[in-house]
Amino acid sequence: MDKTYSKKIVIRYTPEVVDQPIVCRLVQVYDLTFNILRARVSQRREGLLVLELTGTKKNFDRGINYLKESGLKVEPLSKSVTQNAERCVHCGACLAFCSTNALYFDYATMKILFDPEKCNGCEFCVTACPARAMEIDLL
């Protein structure tokens, strides 16, 4: 029996595919379960889905290939959200907005640290940060 594999991904799609049952096919054809972490759907412009996909590694890889063959841009979520350490002044303004504890205060170093594996891509940290140290690149 294959081990369960889980990964957070960002999917960007064009208006031409917004009406296609893409996530439904991930479930039916590739036996993947999903958790929608963020979605921006529009009929007339580019859309965004942040999903956590779970299944076997083989089915996950097949599902990702299907998405890419369908003309969607797919990338791991961990590449999308970053902390610019040079800009961060460690003021802590972002902490109150991070519901997943991806941003946390390290008492040993007295600095704000970021764990991208815990991040759900909500972007609240970006708007909360006065130093603009949190960056999200979903392109």
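Each value in this text was obtained by applying a stated rule to the coordinates, not by laboratory testing. Remember, it's a predicted structure, so these values are computed and weren't measured experimentally. For neighbour counting, all protein chains shown are included, and Cβ atoms are generated from backbone atoms with ideal geometry for every residue, glycine included.
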Check: Inside segment 81-138, counting only strands (runs of 3 or more DSSP E) that do not spill past its ends, which hold 1 or more residues that are in contact (Cβ under 8 Å) with a residue 40 or more places away in the chain and in contact with a Gly (Cβ under 8 Å, 6 or more places away or on another chain)?
Finding: 81-83, 134-136
Checklist line | Any chance Cys129 is within 18 Å of the chain's Cα centre (by Cα), on the phi < 0 side of the Ramachandran plot and not aliphatic (A, V, I, L, M) | finding: no
Notebook entry, point to check: Taking into account only those residues within segment 66-98 that are touching a helix residue (DSSP H, G or I) at 6+ places or on another chain (Cβ under 8 Å) and polar (S, T, N, Q), which is farthest from Ile22 (Cα to Cα)?
Noted result: Thr82
Next item on the list: Please work out if Val29 is out of contact with any strand residue (DSSP E or B) (no Cβ under 8 Å at 6 or more places or on another chain) and of a type in the set (Val, Ile, Thr).
Entry: yes
Next item on the list: Would you mention how many residues in segment 8-34 are farther than 17 Å from Leu72 by Cα and not hydrophobic (A, V, I, L, M, F, W, C)?
Entry: 3
